[in-house]
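*Asks:* Sharing a structure with you now.
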Amino acid sequence: MKFFIEGERILFNVETAGWHVIISVLLIIFSFYFTLTFIENLHKGEDERVTKQSKLAAIICFGIALVIPFLIALITK
């Protein structure tokens, strides 16, 4: 299903919108998981390497989850 405005310009494409939303939601869930892992490891104070990796993974997942909808919006315009 596609919605058009100004002739052939695509405003919204349902087929592509579904996938990027699902991927963004999954990345936010992973980000939440890695954040909780980071806090748990920080609290225990066990392994500094695992703490740094959890923090980096949470930041990367959250960043990608925010960038994907922005890029899709730029591409579809």
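*Asks:* Counting only residues that are more than 23 Å from A65 (Cα to Cα) and either at pLDDT 80 or above or surrounded by 12 or more Cβ atoms within 10 Å (Cβ to Cβ) (or both), how many does the range 1-17 have?
*Replies:* Final tally of qualifying residues: 1.
*Asks:* Let me ask something else about it. Among the residues of the range 18-69, what is the count of those that are at positive phi and either in a helix (DSSP H, G or I) or surrounded by 14 or more Cβ atoms within 10 Å (Cβ to Cβ) (or both)?
*Replies:* Residues meeting the conditions: 0.
The values are calculated or read from the model by the stated rules, or taken from the named source; none is laboratory data. Everything quoted here is computed from the prediction, not taken from an experiment. Note that each Cβ is placed from the backbone with ideal geometry, even for glycine, and that neighbours are counted across all protein chains shown.
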